[in-house]
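Visitor: A single structure is presented below for examination.
The values are calculated or read from the model by the stated rules, or taken from the named source; none is laboratory data. Keep in mind that this is a model prediction, so the values were computed, not measured. A quick note on method: Cβ atoms are made from the backbone with ideal geometry, for glycine too, and the neighbour counts reach across all protein chains shown. All accessible areas refer to the heavy atoms of the entire protein, side chains included, with ligands and DNA or RNA removed. Shrake-Rupley method; radii C 1.70, N 1.55, O 1.52, S 1.80 Å.
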Amino acid sequence: MMTLRWSATSPYVRKVMMVAIEAGLDGRLSCRATDPWSADTDLPNDNPLGKVPALTVEDGTVLFDSPVIVEYLAALNPAAGLLPADGPARWAALRFQAVADGICDAAILRRLENNRPDGEKSAGWMERQRKAVARALDVLEAEAATLSATPPDRPTIGTLAVVAALAYLDFRFGHEPWREGRPALAAWFATASDRDSVRRTVPPGA
């Protein structure tokens, strides 16, 4: 068995779990619930950065963070096609993952800043993160045809990462309608979300 340091609301963990399900490896994962914000967490013993996810593989090696973990899982079952072997399709998958992870990074930074006490929040910092997300969404809208070129039944780590990122925006920033002005991306998301791996990883309260 492999052990995954896990948090139900983390979009990075969700991406990892979706990849594991798509690769048929979820039965080899033991998920260990972890609160990275707890003062007494032992998470730094596995990931010195103190972040989830962290994956302890069967030989005891600990992998972090999510891009490394999903590439490892994809390599365990190459037939699933989650990371194309080479050429433009591979770089497209990795690029989409980078854009999606960047959306999550900015959204989480914005949320953390907003949760600071009054008088300590930086409106400018939050606006910077909001604009970063908006620009990334505009890129995905412009490249929705490339996303749609991936068959719905053959997702990649890139398309799954985008699903996780957009779902996180719905989860944490549902009052901000990211779909407005992005019809192609919205249509793709609706189709791409109709998978067992997505339904099985919905965070509580979403």
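Visitor: Kindly list the number of the only condition in (1) open to solvent by 70 Å² or more (accessible area, probe 1.4 Å); (2) assigned to a helix (DSSP H, G or I) that fails for Met17.
Guide: The single condition Met17 does not satisfy is (1).
Visitor: Okay, next question. Checking Ile108 against (1) within 16 Å of Lys15 (Cβ to Cβ); (2) surrounded by 19 or more Cβ atoms within 10 Å (Cβ to Cβ), only one condition comes out false. Which one?
Guide: Tallying (1) within 16 Å of Lys15 (Cβ to Cβ); (2) surrounded by 19 or more Cβ atoms within 10 Å (Cβ to Cβ), Ile108 fails exactly one: (2).
Visitor: If Leu29 satisfies every condition in (1) under 17 Å from Pro155 (Cβ atoms); (2) hydrophobic (A, V, I, L, M, F, W, C); (3) more than 16 Å from the chain's Cα centre (by Cα); (4) open to solvent by less than 50 Å² (accessible area, probe 1.4 Å) but one, which is the exception?
Guide: Against the list (1) under 17 Å from Pro155 (Cβ atoms); (2) hydrophobic (A, V, I, L, M, F, W, C); (3) more than 16 Å from the chain's Cα centre (by Cα); (4) open to solvent by less than 50 Å² (accessible area, probe 1.4 Å), Leu29 comes up short only on (1).
Visitor: May I ask you to list pairs of residues, at least six apart or on different chains, whose Cβ atoms are under 9 Å apart, with the first in the stretch 22-37 being touching a residue at least 12 places away in the same chain (Cβ under 8 Å) and on the phi < 0 side of the Ramachandran plot and the second being basic (Lys, Arg) and outside any loop (DSSP other than H, G, I, E, B)?
Guide: Hits for this filter: Cys31/Arg5; Arg32/Arg5; Ala33/Arg5; Thr34/Arg5; Pro36/Arg5.
Visitor: Could you check how many residues of the stretch 149-192 are assigned to a loop (DSSP other than H, G, I, E, B), within 28 Å of Met126 (Cα to Cα) and of a type outside the set (A, V, I, L, M, F, W, C)?
Guide: Kept after step one, since they are assigned to a loop (DSSP other than H, G, I, E, B), are these residues of the stretch 149-192: 150-156, 173-182.
Going one step further and asking which of them are within 28 Å of Met126 (Cα to Cα), we end up with 173-182.
Those still in the list that are of a type outside the set (A, V, I, L, M, F, W, C) too: 174-177, 179-182.
Adding up the residues that qualify gives 8.
Visitor: Quick check on the stretch 80-99. Is at least one of its residues under 18 Å from the mean Cα position of the chain (by Cα), at pLDDT 95 or above, among the aromatic types (Phe, Trp, Tyr) and not in a helix (DSSP H, G or I)?
Guide: No, there is no match, as no residue in the stretch 80-99 is under 18 Å from the mean Cα position of the chain (by Cα), at pLDDT 95 or above, among the aromatic types (Phe, Trp, Tyr) and not in a helix (DSSP H, G or I).
Visitor: Something else: Can you tell me which of (1) at pLDDT 95 or above; (2) more than 22 Å from Ile21 (Cα to Cα); (3) open to solvent by less than 40 Å² (accessible area, probe 1.4 Å) is the one Leu73 doesn't meet?
Guide: Condition not satisfied by Leu73: (2).
Visitor: How many residues, within the stretch 54-63, are out of contact with any Ser or Thr (no Cβ under 6 Å at 6 or more places or on another chain) and open to solvent by less than 70 Å² (accessible area, probe 1.4 Å)? Even if it seems obvious, please write down each step before you answer.
Guide: Step one: of the stretch 54-63, the residues out of contact with any Ser or Thr (no Cβ under 6 Å at 6 or more places or on another chain) are 54-55, 57-61, 63.
Of the ones still in play, those that are also open to solvent by less than 70 Å² (accessible area, probe 1.4 Å) are 54-55, 57, 60-61, 63.
Number of matching residues: 6.
Visitor: Those residues that are within 23 Å of Pro78 (Cα to Cα) and either modelled with pLDDT under 95 or not aliphatic (A, V, I, L, M) (or both), I need them from the stretch 2-30; list them, please.
Guide: Let us first name the residues in the stretch 2-30 that are within 23 Å of Pro78 (Cα to Cα), namely 2-4, 12-30.
Thr3, Tyr12, Arg14, Lys15, Glu22, Gly24, Asp26, Gly27, Arg28, Ser30, listed by residue number.
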